[in-house]
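Report on one structure; see the data block that follows.
None of the figures in this text is laboratory data; all of them are computed from the coordinates on show. Bear in mind the structure is a predicted one, so any value in this text is a computation, not a measurement. Cβ sites come from the backbone with ideal geometry, for glycine too, and all protein chains shown count toward neighbours.
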Amino acid sequence: MRMIGLSGWSGAGKTTLLTRLLPCLAARGVSVSTIKHAHHAFDVDVPGKDSWEHRRAGARQVLVSSSQRWALMTELRGAPEPALPALLAQLAPVDLVIVEGFKFDPHPKIEVHRAANGKPWRHPEDPAIRAVASDIAPPARCALPWAHLDDVERIAGLLLEHAASP
């Protein structure tokens, strides 16, 4: 299993890019799982449903299973947030894991940058960034490979080229 991250400021288009990359990678025969970091309290469950009630009542883990999919939620209940390697260990084997977020972790990453955000480039400060996907060319001093955000095939190639074992 290899992994690579999509890293960038909020609003840069990481999720949009990821949803465009997944079918492209699948067409290349690459099995992919994703891990997304959330910066605040979030729910994937609907209030009032049984799994939500189980979690609200104090269950540490709630696994929901059907003939179509299963999902596992773990409530930390005050425990520290698990590090990325611990989260990776929860996944079934695949060819590639794409991590969205965790921008300060040392895994290899593709920087996703959008000029309209008005945010600084991350690659000068983060040596783990291996390439750039942006709607504008990076500064001339940037020696990293780059692709336009609309060039999904090229970005998929960059992901596969720079992914590494965790």
field: Option label - mean projected area of the Cα convex hull in nm² computed here, alternatives (1) 8.3; (2) 11.1; (3) 12.3
entry: (2)
- request: May I ask what percent, to the nearest 5, of DSSP beta bridges between residues of the chain are antiparallel?
  value: 20
Coil-residue trypsin sites (Lys or Arg not before Pro) of the stretch 1-96, DSSP, other Cβ within 10 Å capped at 10: ARG69, ARG77
field: In the chain, lysine pairs closer than 15 Å at Cα, eight or more apart or cross-chain
entry: 7
Most mobile listed residue (VAL46, VAL32, VAL94) in the chain, GNM with C-alpha springs under 10 Å: VAL46
- request: Kindly express, to the nearest 10 degrees and within the range 0 to 90, the angle between helix 14-27's C-alpha long axis and the longest C-alpha principal axis of the chain.
  value: 90
statement: To the nearest 10 degrees, the tilt of helix 152-162 (Cα long axis) against the first principal axis of the alpha carbons of the chain is 80
- prompt: What trypsin sites (Lys or Arg not before Pro) does the stretch 117-166 have in DSSP loop regions with at most 11 other beta carbons within 10 Å?
  reply: ARG141
- request: Compute the longest continuous run of the chain that contains no exposed chymotrypsin sites (Phe, Trp or Tyr not before Pro); treat a site as exposed when its DSSP state is not H, G, I, E or B and it has at most 16 other Cβ atoms within 10 Å.
  value: 105-166
- prompt: What list of ³J(HN,Hα) values in whole Hz, one per residue of the stretch 138-146 in order, does the Karplus curve 6.51 cos²θ - 1.76 cosθ + 1.60 (θ = phi - 60°) give from phi, with Gly and Pro shown as x?
  reply: x, x, 4, 6, 7, 9, 6, x, 9
field: Note, ³J(HN,Hα) from phi for the stretch 66-74, Karplus 6.51, -1.76, 1.60, rounded to Hz, x at Gly and Pro
entry: 8, 6, 9, 6, 9, 9, 10, 10, 10
statement: Checking ALA79, ALA133, ALA116 against a Gaussian network model of the chain (alpha-carbon springs below 10 Å), the top fluctuating residue turns out to be ALA79
message: Under the rule of at least 5 residues apart or a separate chain, name every residue whose amide H is placed under 5 Å from the amide H of LYS36.
response: GLU100
